[in-house]
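Reviewing the structure listed below.
The values are calculated or read from the model by the stated rules, or taken from the named source; none is laboratory data. Everything numeric in this text was worked out from a predicted model, so none of it was measured. Positions of Cβ are generated from backbone atoms using ideal geometry, with glycine treated the same way; all protein chains shown enter the neighbour counts.
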Amino acid sequence: MVLSTLQTIALIVGIAYYLIIMRNSQRNQQIQIETRQAQLFMQIYDHYNDREFAKMVQEPLNVWKWEDVDDGWEKYGPETNIEASSTWISVFNYFKGVGVLVKRNQMDISVVHDLLSSFLVPIWEKWEPMIMRYRELYNQPTAWEGAEYLYKELIRYIEEHPELKT
């Protein structure tokens, strides 16, 4: 009888210990995930906050002008202006990368809204015809698909949260 009671107590203690270990393990995993997400956020923020990147966004968004997509392509397309096209291609590659992270659920769209929406929405809306032209001319229908996905998800998020509209 005493042996049976001791075995039962030992079993209960073992189960309790196992549950405590599992809970701690889950908590540690969650902390690691949150830490990685914070590191990822800071890497994206550091790049976004870089002076050179800010210039790369501001020029195509606010300085460069065109009458229509043909005029824009003539002024800023890869065949006629490699320097300018390298700038806007780099900007959209950055947004493409962030879009991939959102699509794979490695970054929340609310974070993208808080960090990037003031530039992403207007630059995509201005440059979408140029990107479509690029896709057509170079037969690359998925060029900057991640950036397009990011834009659409951001618009959807803003529509679902009308308090965020400015």
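Structure notes:
- Residue within the range 146-160 that is over 30 Å from residue 35 (Cβ atoms) and surrounded by fewer than 18 Cβ atoms within 10 Å (Cβ to Cβ) present: yes
- Apart from one condition, residue 139 fits all of (1) touching a Ser or Thr at 6+ places or on another chain (Cβ under 8 Å); (2) farther than 21 Å from residue 52 by Cα; the exception is (1).
- Filter result for residue 4 (among the polar types (S, T, N, Q), surrounded by fewer than 15 Cβ atoms within 10 Å (Cβ to Cβ), part of a helix (DSSP H, G or I) and at pLDDT 90 or above): no
- The range 118-137 - residue that is closer than 20 Å to residue 158 by Cβ and crowded, with 19+ Cβ neighbours inside 10 Å and, of those, nearest to the chain's Cα centre (by Cα): 120
- Residue that is farthest from residue 39 (Cα to Cα), among those in the range 65-93 that are of a type in the set (Phe, Trp, Tyr) and surrounded by 19 or more Cβ atoms within 10 Å (Cβ to Cβ): 73
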